[in-house]
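The values are calculated or read from the model by the stated rules, or taken from the named source; none is laboratory data. Given the structure is predicted, the values throughout are model-derived calculations rather than measurements. Neighbour counts run over all protein chains shown; Cβ positions are idealised from the backbone, glycine included. Keep in mind that these areas ignore ligands, DNA and RNA; they rest on the heavy atoms of the full protein, side chains included. Shrake-Rupley method; radii C 1.70, N 1.55, O 1.52, S 1.80 Å.
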Amino acid sequence: MAATLLFLVLLAVAVILILVLLALYLVPVTVSMVADCSEESARATADVAWCFLDGRVRVDDEVQVLEILLFGRRVMSRDLGELAAEAPEEEEKKVEERRPIPDYLGAATDLWPHLEKILAAVYRSLYLETLRGDIILGLESPADTGIIYGYCTAARYALWPAEAIDFVMTPVFNRRVFAGTFTLRTQIRHPLLILIPVVQALLDRPVRDRLRQFSGRGAPGG
């Protein structure tokens, strides 16, 4: 009886693990952002969703909040204003614990082979659905406005064949202004293929040592 029960438990765990891995391979992560800015106000919403999980950041003149949703129901909410108020103390600690530049160079050298694999996996998995922008821009210097408008126009026509991208800038030469809308929607397909090099990196002892070193939890080899 005990052996049968143990077998059923292990079978259930194996089935759940297979289903999770299958979902990580088949279900994409959707990343979207919508921003709207005018001379009177500004607001933006960023959203990262996968399966039944959803992380959302909403920022406007009255609300700055981070929300975590599970099956569409909010399970966590944090006020970003409160987090920002705590930041100065953390920044003071970081200044006190600032490490020499050679340490950062050494860490970058050790971690780069793994970072390269992770970035390559992210690049292969990214799929841009929509990138739309309609910006009204005016700087203090009309010459600077004209230069930026020229670059934006050149970039727009260079990206013309990409149907998902449409970016328009309207220059204003007689006053300082920044307004417009921005919409981004992209997918990270087969997120499992990104998690694999991440897990491989974390299984590497030197990588773990470096992460502990810079998180303040220990020194390499400790």
Check: So if we plug the beta-carbon distance of ILE68 and ALA154 into 1/(1 + (r/R0)^6) with R0 = 41 Å, what FRET efficiency do we get, rounded to 0.05?
Finding: 0.50
Notebook entry, point to check: Can you give the accessible area of LEU10 in Å² (nearest 10), computed on protein heavy atoms with a 1.4 Å probe?
Noted result: 110 Å²
Note to self: Using 10 Å bins from zero, what percent of all Cα-Cα pairs in the range 1-76 falls into each bin?
What the structure shows: 16, 29, 23, 16, 9, 5, 2, 0
Check: When the Debye formula is applied to the Cα atoms of the range 101-155, each taken as the same point scatterer, what base-10 log of I(q)/I(0) results at q = 0.12 Å⁻¹?
Finding: -0.66
Check: Given R₀ = 41 Å, FRET efficiency for GLU140-VAL15 by Cβ-Cβ distance, to 0.05?
Finding: 0.05
Margin query: Considering only C-alpha atoms, what is the centroid distance from the range 1-62 to the range 158-192, in Å?
Written below: 26 Å
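Given R₀ = 22 Å, what would the calculated FRET efficiency be for ARG58 paired with VAL168, taking r from the Cβ atoms and rounding to 0.05?
Computed FRET efficiency for ARG58 and VAL168 comes out at 0.30.
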Next item on the list: Give me D for the chain in µm² s⁻¹, whole number, from Stokes-Einstein with Rh from the Kirkwood sum over alpha-carbon pairs, 4 °C and 1.567 mPa s.
Entry: 58 µm²/s
Check: What does the accessible area per residue of the range 162-214 come to in Å², with a 1.4 Å probe and no ligands, DNA or RNA counted?
Finding: 61 Å²
Notebook entry, point to check: Between ARG124 and CYS51, what is the label-to-label distance in nm when each label sits 7 Å out along the Cα-to-Cβ direction?
Noted result: 2.2 nm
Checklist line | Top positive-direction residue, dipole computed over the chain with Cβ charges, set LEU19, VAL198, ALA107 | finding: LEU19
